[in-house]
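Derivation of every value follows stated rules applied to the coordinates shown; laboratory data play no part. As the structure is a prediction and not an experimental result, all values here were calculated from the model. For neighbour counting, all protein chains shown are included, and Cβ atoms are generated from backbone atoms with ideal geometry for every residue, glycine included.
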């Protein structure tokens, strides 16, 4: 894995983390920004630094991993203060101790690997670069758990930071393509980073499209999306009566059938007209008529 291609995403991350840290400090919120992501990036700076220093890159390339790791630790400390509620001095002490540990590990690996590399044994240093690249790529997985919690909405991640970081991975991939021999390991890792970061963009665009009507109504009401939804003004998310809700069924029955609210008055028994007993009178009338007919026949 060539040195310049390895350093390009680091430079992009260093530039991108500055607006992310500024956003966290300005809003005093880190909701949606996974602390695990920036911690993994901080730990990835250790093997990246070993790789750059042992290969004796120029000074800016050797400093980049150190700056990247320090800014990642600062960003991780912000998640502890703003999201987890840690005290500032406790967070500062924790970040300082981790920075010393990471620096000590980096110095140890540099001393151990510099001798074998000078004797032509390069595979331990290559392994360092592979481990660092894998950790850097795995750090992009935790944001997807945050997206799942918020139905695809991106919160807490600065899009300037994400754009710069994606650009760094893209130009690194293009640099690999322009080489005489393509580094398949580095190319695969850059492609994974590109796809994972592109997925975050697509998730946000999808959420914006799905909530366009609600956001339009919230804007007309002079509220933010969160305020509008919290007030229960969302017509799409109104709860419909379920089939098993007996209370709702009773209320619907009472409101939908006005006849049920007014009982039909019963007629009193003494006002009910009794029908005449016509069966006996009809039998008597038929007998008299039969006798008259027989007398006429005899005459």
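Data overview
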read-out	value
Order of 97, 74 under a 10 Å beta carbon neighbour criterion, fewest first	97, 74
Tensor-based shape of the range 21-64 (alpha-carbon gyration tensor, a/c under 1.5 rounded, otherwise prolate or oblate)	oblate
FRET efficiency, residue 25 to residue 123 (Cβ-Cβ, R0 41 Å, nearest 0.05)	0.45
213, 23, 119 arranged by Cβ crowding within 10 Å, fewest neighbours leading	119, 213, 23
Separation between Cα centres of the range 65-110 and the range 117-132, rounded to whole Å	26 Å
Ranked list, fewest to most other Cβ atoms within 10 Å of each Cβ, for 182, 109	182, 109
Shape of the range 79-146, Cα gyration tensor, a/c cut at 1.5	oblate
For the range 3-227: rounded, prolate or oblate by the Cα gyration tensor [a/c cutoff 1.5]	oblate
